[in-house]
Amino acid sequence: MKTPGNTVEEILANVPEERSLPFRKLHDVIMKNLPEGFEAGISYGGLGYVVPHSIYPSGYHCKPSEPLPFAGIASQKHSINFYHMGIYADQKLMDWFLSQYPKHSSKKPDMGKSCIRFKKSEEIPYELIGQLMRKISVQDWIKTYEGKIKK
C-alpha cells in the first residue's frame, strides 16, 4: 500500500488518519536524529532518508537516478514500517539494535531484512529509533554500502 504524494509533506498529509500522529512522530524523531548530510525525500515512491546526489553522485546502484537510500518509513496495509539499511548491512549494528530492543518494548521485533513492522503504534520504540539513526554518519554509510552492498 503506497501513500500518495510527491513531496515529504504530501506523504505526511496523506497517511491514513488513524496512523497520522504516530507516523509523523516517527518522521520527527528520525529528522531530529538524522546525521548531517542525509536528507528526507521521496525514495522509491515512499518517504526516505537518503544520501543526496550532491554528496554521492553515483546514486543507488539498482537505479542511479535515485539517491542512495539509508532509511525509510511507510504506512502499509497492516502496519507502520521502518526501514534501516544499516542494520541490514552491518551485523554489529543489528546485534546492538536487537540487544537494546527489549529495553524499549515487551514485544519481540517483527522484522524482515531491513524492515521492522509495527502493527500497533504504541509499540514503536521512538527513543531507540532515534539512537539508531545517530549510529551511522553519511561517510560510514557510503563506506558500508560500497563494501557490502554495491556490486
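The values are calculated or read from the model by the stated rules, or taken from the named source; none is laboratory data. Everything quoted here is computed from the prediction, not taken from an experiment. Reconstructed Cβ throughout: ideal geometry from the backbone, glycine too, with neighbour counts over all protein chains shown.
Assorted remarks:
- Every residue from the range 28-50 that is under 12 Å from VAL8 (Cβ atoms) and either surrounded by fewer than 21 Cβ atoms within 10 Å (Cβ to Cβ) or of a type in the set (Gly, Ala, Ser) (or both): ASP28, MET31, GLU39, ALA40, GLY41, ILE42, SER43, GLY46, GLY48
- In the set LYS150, LYS113, only one residue is under 17 Å from the mean Cα position of the chain (by Cα), farther than 19 Å from LEU26 by Cβ and not hydrophobic (A, V, I, L, M, F, W, C); that residue is LYS113.
- Among (1) touching a residue at least 40 places away in the same chain (Cβ under 8 Å); (2) surrounded by fewer than 16 Cβ atoms within 10 Å (Cβ to Cβ); (3) under 24 Å from GLY147 (Cβ atoms); (4) not β-branched (Val, Ile, Thr) - the single one MET85 does not satisfy: (2)
Residue by residue, here is whether (1) of a type in the set (Val, Ile, Thr); (2) free of Cβ contacts under 8 Å to residues at least 40 places away in the same chain; (3) in contact with a Lys or Arg (Cβ under 8 Å, 6 or more places away or on another chain) holds:
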| residue | (1), (2), (3) |
| --- | --- |
| TYR56 | no, no, no |
| LYS63 | no, yes, no |
| ASN81 | no, yes, yes |
| LYS92 | no, yes, no |
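- Scope the range 11-27; condition assigned to a helix (DSSP H, G or I) and surrounded by 13 or more Cβ atoms within 10 Å (Cβ to Cβ); matching residues: ILE11, LEU12, ALA13, ASN14, ARG19, SER20, PRO22, PHE23, ARG24, LYS25, LEU26, HIS27
- Just one of the numbered conditions (1) touching a helix residue (DSSP H, G or I) at 6+ places or on another chain (Cβ under 7 Å); (2) modelled with pLDDT under 95; (3) surrounded by 18 or more Cβ atoms within 10 Å (Cβ to Cβ); (4) more than 21 Å from PRO4 (Cβ to Cβ) is not true of TYR60: (1).
- Candidate set: the range 31-48, residues that are assigned to a strand (DSSP E or B) and in contact (Cβ under 8 Å) with a residue 40 or more places away in the chain; chosen: the one farthest from the chain's Cα centre (by Cα): GLY46
- Where ILE149 falls short, out of the listed (1) touching a Ser or Thr at 6+ places or on another chain (Cβ under 8 Å); (2) under 22 Å from LEU68 (Cβ atoms); (3) surrounded by fewer than 16 Cβ atoms within 10 Å (Cβ to Cβ): (1)
Per-residue answers, yes or no, for (1) free of Cβ contacts under 8 Å to residues at least 40 places away in the same chain; (2) touching a strand residue (DSSP E or B) at 6+ places or on another chain (Cβ under 7 Å); (3) small (Gly, Ala, Ser):
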{"position": "HIS104", "(1), (2), (3)": "yes, no, no"}
{"position": "LYS120", "(1), (2), (3)": "yes, no, no"}
{"position": "ILE129", "(1), (2), (3)": "no, yes, no"}
{"position": "ARG134", "(1), (2), (3)": "no, no, no"}
{"position": "LYS143", "(1), (2), (3)": "yes, no, no"}
{"position": "GLU146", "(1), (2), (3)": "yes, no, no"}
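- Where PRO69 falls short, out of the listed (1) under 13 Å from the mean Cα position of the chain (by Cα); (2) in a loop (DSSP other than H, G, I, E, B): (2)
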